[in-house]
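The numbers here are math on the coordinates, done by the rules we state, and not lab data. All figures in this text were calculated on a predicted structure; none of them were measured in a lab. Quick reminder, even Gly has a Cβ in these numbers, built from the backbone with ideal geometry, and neighbours come from all protein chains shown.
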Amino acid sequence: MQNAMLKEDIYYVGVNDAARRVFDELIPLPDGTTYNSYLIKGSSKTALIDTADPPKTDVLLKNLENTGINKIDYIISHHGEQDHSGSIPALLLAYPGAVVVTNEKCRSELCSMLKVTPDRFKIIEDGEELSLGNKTLKFIFTPWVHWPETFVTYLAEDKILFSCDFFGSHYAFNAKDGLFVENTDVVYLPAKRYYAEIMSPFRSVIRKNLEKIAGIDVKILAPSHGPLYKSMDFITECYSQWSSDSVKNEVLLAYVSMHGSTEAIAEYFGNALKKRGIEVKAFNLGDADIGEIAMALTDAATAVIGSPTVLAGPHPKAVFAAYLVKALRPKTKYLSVIGSYGWGGKMVEQLADMLGSVGAEILDPVIVKGYPATDDFAALDALADTILEKHRDLGLV
Ligand code: FEO
């Protein structure tokens, strides 16, 4: 994909990182990722849109060299996170006449994180325009997609919206792909995974930012990760649905088991829910992909965590799941805990305490001493009945 052209004088100079399998030492990347960067040559000035992750700086510099354009005036930095800003120090050395164009919040981040010196910036305001001669960049602030400084840039003459992380997907280009999404089925899950993993906590501001850009005439949507779109329709419709308050008749069931008791409880409970017509997204936390859990949280009306008791508290993998739920702040309406214990402990109390800040109603847990027996199965059926009733109240059944 290197040095493909979006249009005349607009180059793709980004980096394809198909081999990368983990992001932030946390997020699985089953399809790799890209750090998209674009070079726009105007009649009087040249601008680079975003850069690349620091280990890929040499690739970006080579891609720029291959364009044959040896002068950059502006480096537009939409976002301080290093996968897009990390090459800025090297670029400022390679292109000594360049200045970083960004807002005040991002300037502050880049000065502290990358030690860029204050004299290398041009600070812009929301709605401000910057002329490249025959091309005009308009900056539109879109805070919290997904950091406070994030903004997007509209290239008016070519109707291209450069949206940085907003609408991105971790999906590397391969030999048969072009730059653009040709089949939305292919990009749907990578885009949803991306939304679920980093955008989900900011649903309310995402809705505001969707409104803010809704009236723009966009012929090319160019995010900073994954393929580009020839229309905003598909991805903005996805974002509208994901960021809405609507939930589905689904239960996320994330559990871990040590000796089989909690697994038996989770299996029985999952089947009890299915018998009641509720879709169950079950994950064994022993080897679960947290991106899959995050995607399930994007839709589920209810989330249930299953844990044994270990060291007098929840299993650490259940703690991780509870932390993930808390951090992603999903629109989930109901939460509960199921699990087992041997002699006692505070497993439920500790998990419920972590989940309390989500804002969902916490349904009475079902905790079993050892392997489940008749009364325990009845209690699990009762919890399934309660969830069905709650989903009915939401109009989901
Ligand atoms: Fe792709 Fe928030 O960085």
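Find the relative contact order for segment 286-397 and round it to a whole percent, using C-alpha pairs within less than 8 Å whose residues are 6+ positions apart. Reported as a whole number, the value is 25 percent. A simple spin-label model places pseudo-atoms 7 Å from Cα toward Cβ; at Ala378 and Asp233 they are separated by 5.7 nm. Of Ser231, Gln350, Ile124, which is farthest on the positive side of the dipole of the chain, counting Cα position, with +1 on Lys and Arg Cβ, -1 on Asp and Glu Cβ, and the Cα centre as origin? Final value for the positive-end residue is Ile124. Is the shape of segment 4-242 rounded, prolate or oblate, going by the alpha carbon gyration tensor and its root eigenvalues a ≥ b ≥ c, with a/c under 1.5 for rounded and a/b larger than b/c for prolate? Verdict is rounded for segment 4-242.
Averaged over residues, the count of other Cβ atoms within 10 Å places the peptides 19-26, 67-74 in the sequence 67-74, 19-26, highest first. The value of relative contact order for the chain, using C-alpha pairs under 8 Å at least six residues apart, is 11 percent.
For segment 312-353, the residues whose amide N sits under 11 Å from a probe point set 7 Å from the Cα of Lys369 along the beta carbon direction are 341-344.
Neighbour counts of other Cβ atoms within 10 Å put Tyr323, Tyr12 in the fewest-to-most order Tyr323, Tyr12. Full extension of the chain between Ala214 and Lys275 yields a length gain of 17.8 nm, computed as 0.36 nm times the residue separation minus the alpha carbon distance. I need the shape label for segment 1-128. Rule: rounded when a/c is under 1.5, else prolate if a/b > b/c, else oblate, with a, b, c from the alpha carbon gyration tensor. Note, shape of segment 1-128 comes out oblate. In this structure, Glu65 and Glu25 have a Cβ-Cβ separation that, at R0 = 35 Å, corresponds to a calculated FRET efficiency of about 0.65. Using Cβ point charges alone (K and R +1, D and E -1), the dipole size of segment 248-393 about the Cα centre works out to roughly 260 debye.
What does the extension gain come out to for Ala312 and Met5, with contour length at 0.36 nm per residue minus their alpha carbon separation? Length difference between fully extended and current span is 104.6 nm.
The 3J(HN,Hα) values that the Karplus relation (6.51, -1.76, 1.60; θ = phi - 60°) gives for segment 49-61 are, in residue order, 9, 6, 10, 8, 4, x, x, 9, 4, 5, 5, 4, 4 Hz. Gly and Pro appear as x.
Which of rounded, prolate, oblate describes segment 335-395, given a ≥ b ≥ c as roots of the alpha-carbon gyration tensor eigenvalues and a/c under 1.5 marking rounded, otherwise prolate only if a/b is larger than b/c? Judged from the Cα gyration tensor, segment 335-395 comes out oblate (a/c at least 1.5, b/c at or above a/b). Put the Cα centre of segment 127-205 next to the Cα centre of segment 16-37 and the gap is 16 Å. Taking a point 7 Å from the Cα of Asp158 along the Cα-to-Cβ direction, the residues of segment 198-229 with backbone N closer than 12 Å to it are 219-222.
For the listed residue pairs Lys7/Lys208; Lys274/Lys331; Lys212/Lys390; Lys208/Lys248; Lys115/Lys192, the alpha carbons are over 27 angstrom apart in Lys7/Lys208; Lys212/Lys390; Lys115/Lys192.
When the GluC sites (Glu not before Pro) in segment 158-233 are filtered for DSSP coil states and for at most 15 other beta-carbon atoms within 10 Å of their beta-carbon, the remaining sites are Glu182. Taking packing as the residue-averaged number of other Cβ atoms within 10 angstrom, the listed peptides 369-380, 91-102 run from highest to lowest as 91-102, 369-380.
Rounded to the nearest 10 degrees, the angle from helix 316-328 to the longest Cα principal axis of the chain is 50 degrees.
Each residue of segment 244-254 was assigned a 3J(HN,Hα) from its phi angle through the Karplus curve 6.51 cos²θ - 1.76 cosθ + 1.60 (θ = phi - 60°); the sequence is 6, 8, 6, 10, 10, 6, 9, 10, 7, 10, 10 Hz, with glycine and proline shown as x. Between the Cα long axis of helix 261-275 and the first principal axis of the chain there is an angle of about 80°, rounded to the nearest 10. Projecting the Cα atoms of Leu221, Gly97, Phe162 onto the charge dipole of the chain (Cβ charges, centred on the Cα centre) puts Gly97 farthest toward the positive pole. Helical content of the chain, expressed as a calculated mean residue ellipticity at 222 nm, amounts to -10000 deg cm²/dmol (DSSP H runs of 4 or more residues, -39,500 (n - 2.57) each, divided by residue number, nearest 500).
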